[in-house]
Amino acid sequence: MADGTFAVLMLILGLTDMGRNYCGTETGCLGKTDATPRFAISAGTVLERRADEASEVYFRYDLGHKRGPFGNAVGVSIGEHGETWIGFGTTYTLQAQGSPFFAELHSMPGIYFDNGGFDLGGPIEFRSGIELGYENRRGWRYGLSYDHRSNAGIYDDNPGIETVQLRVSIPTR
């Protein structure tokens, strides 16, 4: 699953959820509703595949609204060798009513600066992945995330990288 699989899975699950639970409501299929805004920080490592193993820190802010079942987030990651990625995109969370466990998929296009670190083939890079975790009673989330970044073949060189990180997300209201 080291490609756009998570983005496709998010789209299929989200559109199915939207058709079943949102389209017949007062707000409509992509109606705007409130969501809990969250600030997240995660740290982990780039997996050794085509890139050398290296540390990465990732900051993300989930906006305080959803469109149908889809949320929005902005993120910034900084790698051990100065590599920087900045993006904005979509999230989709699966969490059974009353359960503290969740799964969240995300897909975020962004801009990548290799800054002398690992070259991903060009400045436009897509980040998609999954987080599995636990949410406590105060709304803090603790999770393990896995994601993939690549340019989806828009450049001749498309090495792609994967990261595994531990994440803490804190509600901001």
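The values are calculated or read from the model by the stated rules, or taken from the named source; none is laboratory data. The structure presented is a predicted model; accordingly, all values stated were derived computationally and were not measured. Neighbour counts are summed over all protein chains in view; Cβ atoms, including those assigned to glycine, are modelled from backbone coordinates with ideal geometry.
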## Note on the structure
For residue 132, the lone unmet condition from (1) assigned to a strand (DSSP E or B); (2) touching a Lys or Arg at 6+ places or on another chain (Cβ under 7 Å); (3) not aromatic (Phe, Trp, Tyr) is (2)
### Task
Starting from segment 119-147, keep only residues that are over 18 Å from residue 163 (Cα atoms) and at pLDDT 95 or above, then list their pairs with residues that are among the hydroxyl-bearing types (Ser, Thr, Tyr) and in a loop (DSSP other than H, G, I, E, B) whose Cβ atoms are within a distance under 8 Å, requiring at least 6 positions of separation or different chains.
122/155; 139/36
### Query
Among 57, 74, which is the only one that is at pLDDT 95 or above, under 10 Å from the mean Cα position of the chain (by Cα), within 18 Å of residue 168 (Cα to Cα) and part of a strand (DSSP E or B)?
74
### Task
With the condition kept exactly as written, say whether any residue in segment 162-170 is among the aliphatic types (A, V, I, L, M) and without any contact (Cβ under 8 Å) to a residue 40 or more places away in the chain.
no
### Task
Any chance you could count how many residues in segment 143-169 are loosely packed, with under 13 Cβ neighbours inside 10 Å and part of a strand (DSSP E or B)?
0
### Only listed residue being of a type in the set (A, V, I, L, M, F, W, C) and not in a strand (DSSP E or B), chosen from 51, 40, 103
51
### Query
Where residues in segment 51-88 are loosely packed, with under 15 Cβ neighbours inside 10 Å and of a type outside the set (A, V, I, L, M), which of them is nearest to residue 165 (Cα to Cα)?
55
